[in-house]
Amino acid sequence: MPTPRAARRRPAPGPRQLHPGAWWLWALGLGAAATRTTNPLLLLLLAAVAGYVVAARRTDAPWSRSYGTFLRLGLLVLGIRLVFAVLLGSPVPGTHVLFTLPEVPLPVWAQGVRIGGRVTAEGLLAALYDGLRLATLLVCVGAANALASPARLLRTLPGALYEAGVAVVVAMTFAPNLVADIQRLRAARRLRGRSDRGVAAVLSVGLPVLEGALERSVALAAAMDTRGFGRTADVPRRLARATAALTLAGLLGICLAAYGLLTAGGAGWAAPVLLLGLAAAFTGLLLGSRRSVRTRYRPDPWALPEWLTAGSGTAVAALTTWLAAGYPAAFAPTVVPPTVPVLPLTAVLAVLVGLVPAFVTPVPRPTTATGPTGADTGPPPDPGTDTGARTRPGLRTDTRTGTGTGTGTGTGTDPNDAPTPPRRAS
């Protein structure tokens, strides 16, 4: 019986994925805002904004699970910073002594370095603010890793940076795949009734994880060789040298300008250097793309959601930088003497602009397969069961179940399935 036309109808395509470059620009904007303040309330608000957007727009792909790892890494960095401040002291002078550790005497050439001694509240506060700022930066980077597909990000790179981009993407995808393998193996141990904690469990999981990493490396190398990775077109030597010089000069100019923008008193010369560096780098990348012989299949569009996402991150960075210059006491609370951090309303509104991607970007579609091909199987069938049973003497009962609108039972005998008569003894 032919399949009805309604059942053969294809499901409507799901929403498209956002351009990965937009996610990275948004995350870098939040990270730039985190570098302009040591206020713990603003830093926690930035981390909360990044976490909310990740929870709202994260897919169920394996690489999107790396956000929790970056969050734990940020907490680890914060703890290490506090431990170092306690054991090695802090350059911040303080008068509120919390406790005193036994001090280790050091030689004369190690003046300025101490191990142990007094631990002050001012030093701990300074270490807490610095560690929290670094942890917030890691959270922003983890948000970009969880939202932007590394493979799709590689497709958007210019041809001059394709080889370097492949190395970076492989390094970025190693950690999420490693985390997924560890979780899978720990779940397998729990299902077998074994403990997944302790040194013995870690050692038993380490070898399969290493084996999986090596298998992925071999498969990746074979796939890259099959796709012709590393093949370049012939270009004049003079053009290649000019491309390398422009790209290197542009990147150095951008780094120098970023350093000037992040320090006090360098904003006057940093802006022109940044524009010159961007122009040189863009020209170098444009000329270097002539060496690439690869093509792009279905490039990702850059539409209104991408502009809003990237613009929200840029707006957070710009507004925070402007407000930090106007209200330095609110964005950099003093620790000598210790003061209670304040949270200005204007700064809160500036940070909350980073929530725009949670409402203007497409909702991700689950990638879990719901049918034989991973697509929606359509509307549910009509209620009813069609059951037919054929009874074959001497053998078995065969029951077939399908979907239909009625119920029927039939019994018949197949002469080809008749039992073989016993052989006579000779």
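The values are calculated or read from the model by the stated rules, or taken from the named source; none is laboratory data. These numbers come from a predicted model, not from an experiment. Don't worry about glycine lacking a Cβ; one is built from the backbone with ideal geometry, like all the others, and counts go over all protein chains shown. When the accessible area is computed, the model is the full protein with side chains, heavy atoms only, and any ligands, DNA or RNA have been set aside. Shrake-Rupley method; radii C 1.70, N 1.55, O 1.52, S 1.80 Å.
Taking the condition touching a Leu at 6+ places or on another chain (Cβ under 9 Å), at pLDDT below 85, part of a helix (DSSP H, G or I) and not polar (S, T, N, Q), does Tyr129 pass?
Numbers: touching a Leu at 6+ places or on another chain (Cβ under 9 Å): yes; at pLDDT below 85: no; part of a helix (DSSP H, G or I): yes; not polar (S, T, N, Q): yes.
So Tyr129 fails the test.
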Which pairs have Cβ atoms under 7 Å, sit 6 or more apart or on different chains, and link a residue in region 174-187 that is in a helix (DSSP H, G or I) and at pLDDT below 80 to one that is among the basic types (Lys, Arg) and open to solvent by 30 Å² or more (accessible area, probe 1.4 Å)?
Pro176/Arg65; Asn177/Arg216; Val179/Arg65; Ala180/Arg65
Residue count, region 34-58, condition touching a helix residue (DSSP H, G or I) at 6+ places or on another chain (Cβ under 8 Å), within 30 Å of Val119 (Cβ to Cβ) and either assigned to a helix (DSSP H, G or I) or aliphatic (A, V, I, L, M) (or both), comes to 9
Of all residues in region 59-105, which are closer than 17 Å to Ser149 by Cα and assigned to a helix (DSSP H, G or I)?
Pro62, Trp63, Ser64, Arg65, Ser66, Tyr67, Gly68, Thr69, Phe70
Residues of region 312-340 satisfying the condition of being surrounded by fewer than 19 Cβ atoms within 10 Å (Cβ to Cβ) and in a loop (DSSP other than H, G, I, E, B):
Tyr327, Ala332, Thr334, Val336, Pro337, Thr339, Val340
Could you check Thr309 against (1) at pLDDT 85 or above; (2) more than 19 Å from Gly21 (Cβ to Cβ); (3) crowded, with 19+ Cβ neighbours inside 10 Å and say which number it fails?
(2)
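So that you can scan it fast, the table gives a plain yes or no per residue for (1) closer than 30 Å to Ala325 by Cα; (2) at pLDDT below 75:
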residue: Thr232; (1), (2): no, yes
residue: Leu251; (1), (2): yes, no
residue: Ile254; (1), (2): yes, no
residue: Gly266; (1), (2): yes, yes
residue: Gly284; (1), (2): no, no
residue: Gly288; (1), (2): no, yes
residue: Pro305; (1), (2): no, no
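Which residue, of Ala56, Ala61, is within 18 Å of the chain's Cα centre (by Cα) and open to solvent by 20 Å² or more (accessible area, probe 1.4 Å)?
Details: Ala61 fails: open to solvent by 20 Å² or more (accessible area, probe 1.4 Å).
Result: Ala56 is the single residue among Ala56, Ala61 that is within 18 Å of the chain's Cα centre (by Cα) and open to solvent by 20 Å² or more (accessible area, probe 1.4 Å).
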Taking the condition of being among the hydrophobic types (A, V, I, L, M, F, W, C) and open to solvent by less than 40 Å² (accessible area, probe 1.4 Å), how many residues in region 33-44 meet it?
4
Being touching a Ser or Thr at 6+ places or on another chain (Cβ under 9 Å) and within 24 Å of Gln17 (Cβ to Cβ): is that true of Gly51 here?
no
Hits in region 110-126 - residues which are charged (D, E, K, R) and either in contact with a Leu (Cβ under 6 Å, 6 or more places away or on another chain) or modelled with pLDDT of 85 or more (or both):
Glu122
